[in-house]
1. Considering only the other residues whose Cβ falls under 14 Å of the Cβ of SER141, what net charge follows from Lys and Arg at +1 and Asp and Glu at -1?
2. Take ASP295, ASP116 and order them by how many other Cβ atoms sit within 10 Å, fewest up front.
3. Can you sort SER215, SER141 so the residue with the fewest Cβ neighbours within 10 Å comes first?
4. With a cut-off of at most 14 other beta carbons within 10 Å, and DSSP calling the residue loop, which chymotrypsin sites (Phe, Trp or Tyr not before Pro) in the stretch 96-125 qualify? Please list them.
5. Stretch ASN313-SER97 to full length: gain in nm at 0.36 nm per residue minus the Cα-Cα span?
6. Taking 0.36 nm per residue of sequence separation and subtracting the Cα-Cα distance, how much length would be gained by fully extending the chain between VAL297 and GLU107, in nm to one decimal?
Amino acid sequence: MTETLSDVLRHSAEAVSAPSVDVAALVARAGKRQRRRRIMLALAATAVVGAVTAGSLAVRGGSDGDIEPAPSPSPAPPSSVAVDPTGARPMVYAAGSTLHVGDETFEASKPVAFIDATDDGAVYEAANDCTLWFTDGTTASVIGKSPWTAAPTARYGSVVTGDSGSLVVWGDVTSCKHQEAHGFVVYDTSRREVVRRIPSAGAVLYVDEDQVYFSPRSDPGCWVQDLHACGDPHLFRYDVTSGETTKLALAEWDADLSTHTRMFVAAMPGLVGSFHDFHQAASFSQVGARLVHADPVPLTTTSGEKVRLRLPNGWTAPGAEGSGGMIQVSQWLDDDTVVLWADDGGGDLPAKNGDLLVCRLPDGTCRVAVARSARDYVAPYRASE
């Protein structure tokens, strides 16, 4: 018997088994697609925000005739395998041409005469060589030209990093032969690029995450270095993001620095116009098993906690008494941890023999992180004011 077309279609449909639907798999697939879409939207939004930010920086910088605009951002460098910029800073120092950045070592082409830290690694120079380098502990690159490095006293104000953040500031020199700086270069080690140039030359006093405090040398009158006898010195704050320069009174300088955690304070009411004496680095003397502030005034943190440091059992400061050796803060690893550089004071060049101590401020305990040896070391140098 011949079946009609409708009978054939009905019988064929009845012969097909019911489909099996994996609901969980479908939900998972949909969720995966939704997450992928969200990530793509977030990346697109980030790209737009980055473009707007870069554009606004260039516009703001261009509006100030004295400030060069920041260059267009280059692609972000690959993340460092030696340094975690979100964690504590690595301890940095050099022995000859070997740089130590945390647990990593890197060989420079010449013996190192200057080294300092940022959140991303270390900047360094060889003696009498105005080439400034940056390394993350695995690779190194030239980042600019700065005034020559010879002795520690020549370093103060030449190349300055903050005790937190990625900024490095140095005197902008035309060439190595002509050492006269005609402004400041502001370099960001997280972006691996120059982000600003400040035309005023002078002395860099302090650098934080996004501001540079300086005293220009061209203005007549009272200088910030003369705080002990000066009621209204020339103090300026340069904001790297906006490109704006603001003149500060001593009270504003005092208020600004008091907000920084990685800073010491010595109460000195004898100062004219300022009650506090702020230190990026303070000097200490050994008294038995303790380290005491070298100045005859108490030393505190900006939160008001007294600084009391205890030495490891049996440790003695290097160098004979009166030899010129120093014990002072070399760098901050985090808000509660400092590195002290105890050197023997020998020689005029930066390389010294001594110990690097790591001290925890909350309990005051110190340990020897790098022991003195037959080799001389170069550690970050902070002038104690």
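Laboratory data are not the source of any read-out in this text; all were calculated from the coordinates shown. Because the structure is predicted, anything quoted here is derived from the model rather than measured. Cβ sites come from the backbone with ideal geometry, for glycine too, and all protein chains shown count toward neighbours.
1. Working: positive: LYS145, ARG191, ARG192; negative: ASP120, GLU125, ASP136, ASP188, GLU193.
Computed value for this residue: -2.
2. Details: ASP295 16, ASP116 21.
Ranked by crowding around the Cβ, least crowded first: ASP295, ASP116.
3. Numbers: SER215 20, SER141 10.
Going from sparsest to densest Cβ surroundings: SER141, SER215.
4. Values: sites: PHE106, PHE114, TYR124; in loops: none.
Answer in residue order: no site qualifies.
5. Values: separation 216, 0.36 × 216 = 77.76 nm, distance 3.19 nm.
Taking ASN313 through SER97 to full extension adds about 74.6 nm, to one decimal.
6. 64.2 nm
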